[in-house]
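Scroll down for the structure; my scribbles are underneath it.
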Amino acid sequence: MSDRSSLPASVHRRRWPRALLNALLPSVCALCGGGCDGVVCAGCQAAYVLPRVRCARCANPLPEPDAENKRLIVVPGIAGNDSRRGPGSNPALPVAHAALGPGLRRDDVVCGACLSDAPAFDATVAAADYAPPLDQLVLQLKFGARLALAPWFARMLRDAVLARPDLALPDLLCPVPLGAGRLAERGFNQALEIARPLAGALGVALHPRLAARTLETVAQSGVAPAQRGRNVRGAFAVTDPDLVAGRHVALVDDVMTSGHTLGELAATLKRFGAARVTNLVVARTPPHL
């Protein structure tokens, strides 16, 4: 066991200015206002960053398995991982059950929407739901330039990725790009700010300019849900096709709502030969049932 007294004096000298700074400028939790060492205290993180059973492909939340019979209740539009079912099966059967057998983990479950109309991306990891109070932190980063939140979001994502033992780490990270006008207006790309520390935490190479937004689209939040796919159609380009071919690319973004933006970017990468595309998002907007 190491002893603090045995540490070199130079280590203690490097540490005391940081301790003095913390004493003079103590951090407060961005959610509860209590004192803490980071951006969000451990209590708030435990209370609001909760593990959920999610679709392995789109990360929409799924019903919890019934505690008594260990089955996953399937509601309209949601199904267990039955990708081996016959082509005539209905992924939206009302009130069915899919057994979580010995060879099936929760991470294998895919929702009915993805079974019936598979998106271009292969998997999605979401650290939390886009819901109060965490949604306010996402907005503070994006519109309030509170960049200190980005490393905390990256740590949330790292933990969510490592909690998925079925998911192979990607070969490279690609932040979802902003259009030139919006980037100039905002001064930064929140997806890139999250991707930088996430790349270091996962040990995965970051390629900030792998993808470019070639069309200055209207923000998806201001577009009717039925028009969002059309709004981003043809909006992206790949700047270095040789980096993409045969590789597993992870797209990093702050929020996934309808999935059309990530789907369009994933489709673009697939056209240039990407073997697999995984979305890594801080928050997932739950569907409105």
Be a star and scan segment 236-278 for residues whose amide nitrogen sits under 19 Å from the point 7 Å along the Cα-to-Cβ vector of D135.
253-261
Once normalised by the length of segment 162-208, the mean sequence separation of its alpha carbon contacts under 8 Å that are 6 or more apart gives a contact order in percent of 51 percent
A267 paired with A205, simple spin-label distance in nm, labels 7 Å along Cα-to-beta-carbon
2.8 nm
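For A180 and C32, FRET efficiency with R0 = 30 Å and r from the beta-carbon atoms, rounded to 0.05?
Result of the calculation: an efficiency of 0.20.
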Using r as the Cβ-Cβ distance of A168 and S116, and R0 as 30 Å, what FRET efficiency do you calculate, to the nearest 0.05?
0.70
Sort L215, L50 by Cβ crowding within 10 Å, fewest neighbours at the top.
L50, L215
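Read-outs throughout are calculated quantities, based only on the coordinates presented, and are distinct from any laboratory measurement. This is a predicted model, so every value here is computed, not measured. Neighbour counts run over all protein chains shown; Cβ positions are idealised from the backbone, glycine included.
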